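Asker: I have a structure I would like to understand better, so I am pasting it below and will then ask my questions one at a time.
Bear in mind these aren't lab numbers, they're just calculated from the coordinates by the rules spelled out. Computed from a prediction, not measured in an experiment: that's the story for all the values here. When we count neighbours, we look across all protein chains shown, and the Cβ atoms used for this are built from the backbone with ideal geometry, even at glycine.
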Amino acid sequence: MTMPHKALYAIFGWAFFATGVIGAFLPVLPTTPFMILALWMFSKSSQRFHDWLYHHKLFGPSLQRWQQHRVIPLKAKLLSVSMISFSLVLMLVYSSIPPWAKAGVTLFMLYGAAYVLSKPSQPPGEKSP
């Protein structure tokens, strides 16, 4: 990969990381998806930053569970589906976009919710709390 491409991946990696950190403090912005994106961007640009994030004290465990088992914790699922539902209702009630656009957005959001719900909530063999 050429140097400008690596730099672009690194810039996006840090941007996603920063967004994920902000999401740790704002309840309406998720953290983990942005950290997953940052981890992927770092895998394309810097093994050092990838390893740092993958083994990070705070963010590392959820990234490791995702990478190893594609796990989305139950709390994250509930928050995600709740925010999708809330956003969908607001859009359907208050938006003036055409009906075909509302239908498209609704299908996209339903697909996202189905994807989140289709993933396990814990790694195989781990007991429920």
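Asker: Rg and Dmax in Å for the chain, alpha carbons only: what are they?
Answerer: Computed over the Cα atoms of the chain, radius of gyration and Dmax are 17.0, 48 Å.
Asker: A further question follows. Sticking with the crude label model, points 7 Å out along Cα→Cβ, report the distance from Lys119 to Leu79 in nm, one decimal please.
Answerer: 1.3
Asker: So what's the net charge close to Lys6: Lys and Arg +1, Asp and Glu -1, counting the other residues with Cβ under 13 Å from its Cβ? List each step's numbers first, then the result.
Answerer: Values: positive: Lys44, Arg48; negative: none.
Residues near Lys6 contribute +2 overall.
Asker: So how strong a dipole does the range 16-129 carry about its Cα centre when Lys and Arg Cβ are +1 and Asp and Glu Cβ are -1, to the nearest 20 debye? Present the calculation step by step, with values, prior to reporting the outcome.
Answerer: Numbers: 10 positive and 2 negative charges, 32 e Å.
The calculation lands at about 160 debye.
Asker: Please arrange Met41, Met35, Met91 by counting, for each residue, the other beta carbons lying within 10 Å of its beta carbon, fewest first.
Answerer: Numbers: Met41 23, Met35 26, Met91 15.
Fewest-to-most ranking of Met41, Met35, Met91: Met91, Met41, Met35.
Asker: Taking the Cβ of each residue in Ile72, Ile84 as the centre, tally the other Cβ atoms inside 10 Å and list the residues starting with the fewest. Mind showing how you got there, number by number?
Answerer: Numbers: Ile72 22, Ile84 16.
Least crowded to most crowded, the residues run Ile84, Ile72.
Asker: To continue, here is another question. Lys and Arg at +1, Asp and Glu at -1: add these up for the other residues within a Cβ distance under 12 Å of Phe42 and post the number. Walk me through the intermediate numbers first.
Answerer: Details: positive: Lys6, Lys44, Arg48; negative: Asp51.
Counting the neighbours of Phe42, the net charge comes to +2.
Asker: Just to confirm a number: summing +1 for Lys and Arg and -1 for Asp and Glu over residues other than Ser80 whose beta-carbon lies under 15 angstrom from that of Ser80, what do you get? Provide the component values of the computation, followed by the final result.
Answerer: Details: positive: Arg70, Lys75, Lys77, Lys119; negative: none.
Cβ neighbours under 15 Å give a net charge of +4.
Asker: From the Cα gyration tensor of the range 74-118, with a ≥ b ≥ c the square roots of its eigenvalues, which class applies: rounded if a/c is under 1.5, or else prolate if a/b is larger than b/c, or else oblate? Please list the in-between numbers first.
Answerer: On the way: a/c = 5.30, a/b = 1.85, b/c = 2.87.
Oblate, since a/c reaches 1.5 and b/c is not below a/b.
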